[in-house]
Amino acid sequence: MKAAETKIDKRTGAPGRFMSTSDINPWPRQNVTEKLIKKKDPSLDIEAILLRLRETERIQQKFYALESRILSILNLQDFFEILLTEMGRIFNIPFVWLSVIKKSSLADLINPLIHSKIIIEKTQFLDKRQFDRVFGCKDSPLLFSGDLSGCSVFLPGPRKYGSGSVAIAPVHIDGEIVGSLNQWDPSLCRFEPDLDTSYLEQLMIKVSLCLSNVAAHEKLKYFAFHDPLTGCLNRRAFEAVLRREFSRAKRHFRYLSLVFMDLDKFKQINDRYGHGAGDNVLVYVAETIQSLIRDEDILARFAGDEFVLILPETSGLKADTLIRRVQSCLDTQPLQHQDILIPISISCGVASIPSEHIESAAALLKNADIALYAEKARKTRPNIP
């Protein structure tokens, strides 16, 4: 370990101890032992001041290096991966990880990123009560050294990380605490509780601002391709996915089915129970279908009360079987709206390839639409004995 360097005590202006960022910590102490207070040679004071200035500049350069890496990022996965890896590299911190409060806006952002190896390894989820038990009403970084039992809930592995020192800094999105950025070092001196955390606080302000910007960008991107009511893909995204799946199925001579769905008597539901009930019906239908399809199947809201379902590797016969399962589920489990049960019925049209009459994604959609309206006409046709 390198020898401790000197700093100027803020209270007296006299030199004191400052631990080097390269081997102990990147933040100065709040209370330091004044070792050179009795020295009278002014040149020693100037030397100590210059030494302190150079050390401060090195610290600022490290923070600037990290900030410059994250400030311009708008992709959520890149933001977290770079933050978690670069913070450890720049400050020589053995392990940096993220604690996320369950059911927070950060949890909603992180959940879709479970395919990222870095994020999986460096992310943990905590209940809000667990988080508050450690932080209480505090909104600033917490430092622990030696006995880490006070922050054990934040430690990713109590056996491996049960000793040493830890810094836990709250993360905000739009002013709300949603988690924390944590750092661990086996050295007891790295994050001693009496260290000045002002640099870390400044960094976390910028991290939180960047995260808020990234979150806003992700929401805009989400709503550009998703229906805000049901969460399904919107028509624009559906058309792009349909073209992709159609090309893949044709190229590899695979099955592909498209189901065009329409809610029966949806206008009467709106007129009788109100548009709020109508919205609940749309959400309920979307959730019911999502619960019955595979991960590779794609559900989209086409327009109004119309849904479309892309079924890769599925023949028309299997698509018909799925439709019957959906209708059976809706029949046996009508929507509970306030104190009433609203029965829901759907009409469907199916088009599939391989077919010698369908040569484009647009033609597949048109054939499904024709089949849908044929089905609706059949349902409204009076029964003739």
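Points to keep in mind about this one:
- Antiparallel DSSP beta bridges within the stretch 56-173, as percent of all bridges there, nearest 5: 50
- Solvent-accessible area per residue for the chain (1.4 angstrom probe, square angstrom): 53
- Computed lengthening from ILE340 to GLU86, 0.36 nm per intervening residue step minus Cα-Cα distance: 85.9 nm
- All Cα pairs of the chain, percent lying beyond 27 Å: 63
- The long axis of helix 275-292 is offset from the longest Cα principal axis of the chain by roughly 90 degrees.
- Charge-dipole axis of the stretch 196-288 as Lys and Arg at +1 and Asp and Glu at -1 on Cβ define it, positive-most pick from LEU229, MET261, GLN202: MET261
- Given R0 = 30 Å, the distance between the Cβ atoms of ALA107 and HIS252 translates into a calculated FRET efficiency of 0.20.
- Area of TRP184 that stays accessible when all protein chains are in place (1.4 Å probe, Å², to 10): 30
- Rounded tilt (10° steps) of 361-380 against the dominant C-alpha axis of the chain: 50
- Assigned charges on the beta-carbon of Lys, Arg, Asp, Glu; the chain dipole about Cα centre (debye): 480
- Angle between the chain longest axis and helix 42-70 axis [Cα atoms, degrees, rounded to 10]: 10
The values are calculated or read from the model by the stated rules, or taken from the named source; none is laboratory data. Nothing here was measured: the structure is a model prediction, and the numbers come from that model. Here Cβ is always computed from backbone atoms with ideal geometry, including for glycine, and neighbour counts include all displayed protein chains. Ligands, DNA and RNA are excluded from the accessible area calculation, which covers all protein heavy atoms including side chains. Shrake-Rupley method; radii C 1.70, N 1.55, O 1.52, S 1.80 Å.
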